[in-house]
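The values are calculated or read from the model by the stated rules, or taken from the named source; none is laboratory data. The model shown is predicted, which means the values in this text are computed figures rather than measured ones. Neighbour counts run over all protein chains shown; Cβ positions are idealised from the backbone, glycine included. Heavy atoms of the whole protein, side chains included, go into the accessibility calculation; ligands, DNA and RNA do not. Shrake-Rupley method; radii C 1.70, N 1.55, O 1.52, S 1.80 Å.
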Amino acid sequence: MTTTSQSAEHHTPSGPARLLPGAPVAEAVLAETAAAAARLRDRGITPSLATILVGDDDASAGYIAIKQRQAAELGFASPHVHLPATVTQAELHQAIAQFNTDPAVHGILVQYPVPGHLDYDAALLTIDPDKDVDGMHPLNMGRLAVGLPGPLPCTPAGIEALLAYHEIPVAGREVVILGRGATLGRPLAMLLAQKRPTANAAVTVVHTGVPDWARYTRRADILVAAAGVPGIVRPEHVRPGAVVIGAGVRYEGRRLLPDVDEACAEVAGAITPRVGGVGPTTVAMLFRNAVRAAERASQ
Ligand SMILES: NC(=O)c1ccc[n+]([C@@H]2O[C@H](COP(=O)([O-])OP(=O)(O)OC[C@H]3O[C@@H](n4cnc5c(N)ncnc54)[C@H](OP(=O)(O)O)[C@@H]3O)[C@@H](O)[C@H]2O)c1
């Protein structure tokens, strides 16, 4: 256990950190996406993000409605299939296959969660990797690893965009990521180590296999919390003045419990807000992936 006096040795409270909201980042990404969509429409191509909803979960239906509204605002088509909760795995795959073979569809999203008898991950594997707007298909992870173009995993891409938008230098600096999960920590490490002006970082990834992970996080210029363990990142884990990105969250019902303890704002130089940080950028990336997929398909 870390005591209060030990904590005090590790940080000098320096006042509240600059906040790094995600909403303006998302707006900027969506504005670029709308412009790209308009250029495609001028060439007779309407970018299209197809959605599949299984069952009658109100929250999921609400998320689909938000995406459809967003699609309309951006000038996207948004074909939708609503399958009954009793659908079989084969029927779900069939719905995906129809969008896979439709040349007018550029991105496919299966709303999570699906009813318990269905295997969500197995369904995702059947999505054409070129239409995988989540960027999570193993082929797209491979493309990311070797630097080939393809849909990028949304939350990691959103974090890179957030840092760039808020003019936080990443190149040449040390980024420490707490968590090596497949959706967040691992792809983010690959992304931020790439040779690009908004990446090019020295990246360190820590996890449960590194019990003294605080040794690494305390030297980070940029610390990304990606563990999904509420409150795991405390002030004593943060170098004074460092940038802290809170991406990991756990939901208890509708309550959102972030990885980053709010007291970290007293030590960090800049920090994402507890709500409205990384989240909004993730959704914007779905549409950026779809419009880029449409651009690639039309080349
Ligand atoms: N904001 C967003 O839009 C967004 C999007 C995607 C994901 N997320 C969130 O990001 C988090 C991570 O997602 P994920 O899919 O990558 O999760 P995951 O697969 O569960 O990975 C969690 C990682 O955190 C590490 N970890 C957990 N407890 C730890 C501890 N006590 N000490 C050190 N390391 C610890 C784990 O280490 P081991 O590998 O050693 O087990 C693992 O690498 C989740 O909270 C998820 O909700 C947010």
Inset, instruction - Distance between Cα centroids, the stretch 190-248 to the stretch 36-54: provide it in whole Å. - result: 36 Å
Legend entry - Relative contact order (%) - the chain, alpha-carbon pairs under 8 angstrom, separation at least six: 24 percent
Inset, instruction - Sticking with the crude label model, points 7 Å out along Cα→Cβ, report the distance from residue 215 to residue 42 in nm, one decimal please. - result: 5.6 nm
Legend entry - Calculated SAXS-style log₁₀ I(q)/I(0) at q = 0.19, 0.20 Å⁻¹ - the stretch 51-114, Debye, Cα scatterers: -0.72, -0.80
Legend entry - Global form of the stretch 119-261, assessed from the alpha-carbon gyration tensor, a/c cut-off 1.5: oblate
Inset, instruction - Could you state the angle between the C-alpha long axis of helix 278-297 and the longest principal axis of the C-alpha atoms of the chain, as a value from 0 to 90 degrees rounded to the nearest 10? - result: 40 degrees
Inset, instruction - Provide the percentage of antiparallel DSSP beta bridges, counting only those with both residues in the chain; round to the nearest 5. - result: 10 percent
Inset, instruction - With a 1.4 Å probe and every protein chain left in place, work out the accessible area per residue of the stretch 47-120 in Å², rounded to a whole number. - result: 47 Å²
Legend entry - the stretch 150-299: relative contact order in percent, alpha carbon pairs under 8 Å with at least 6 residues between: 24 percent
Legend entry - For the stretch 29-46, 3J(HN,Hα) per residue [Karplus equation, 6.51 cos²θ - 1.76 cosθ + 1.60, θ = phi - 60°, Hz, x = Gly/Pro]: 5, 5, 5, 4, 5, 5, 5, 5, 5, 5, 4, 5, 5, 4, 9, x, 10, 9
Inset, instruction - Rounded to the nearest 10 degrees, what's the angle between the helix 89-101 long axis and the longest principal axis of the chain, both from Cα atoms, 0 to 90? - result: 80 degrees
Legend entry - residue 50 long-range amide H proximity, modeled H, under 5 Å: 106, 107, 108, 109
Legend entry - Helix 154-165 vs. the chain, principal-axis angle (Cα, 0 to 90°, nearest 10): 60 degrees
Legend entry - the stretch 88-176, accessible surface, carbon-and-sulfur percent (1.4 angstrom probe): 59 percent
Inset, instruction - Of the options 46, 110, 270, report the single residue whose Cα projects farthest towards the positive end of the charge dipole of the chain (beta-carbon charges: Lys, Arg +1; Asp, Glu -1). - result: 270
Inset, instruction - With a point put 7 Å past each Cα toward its Cβ, work out how far residue 60 is from residue 112 in nm, to one decimal. - result: 1.3 nm
Inset, instruction - State to the nearest 20 debye the size of the charge dipole of the stretch 100-173 about its Cα centre, where the only charges are +1 on K and R beta carbons and -1 on D and E beta carbons. - result: 220 debye
Legend entry - Potential lengthening between residue 77 and residue 119 on full extension [0.36 nm per residue; Cα-Cα distance subtracted]: 12.4 nm
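Keeping every protein chain present and rolling a 1.4 Å probe, give me the accessible area per residue for the stretch 161-299 in Å².
Per-residue accessible area for the stretch 161-299 comes out at 43 Å².
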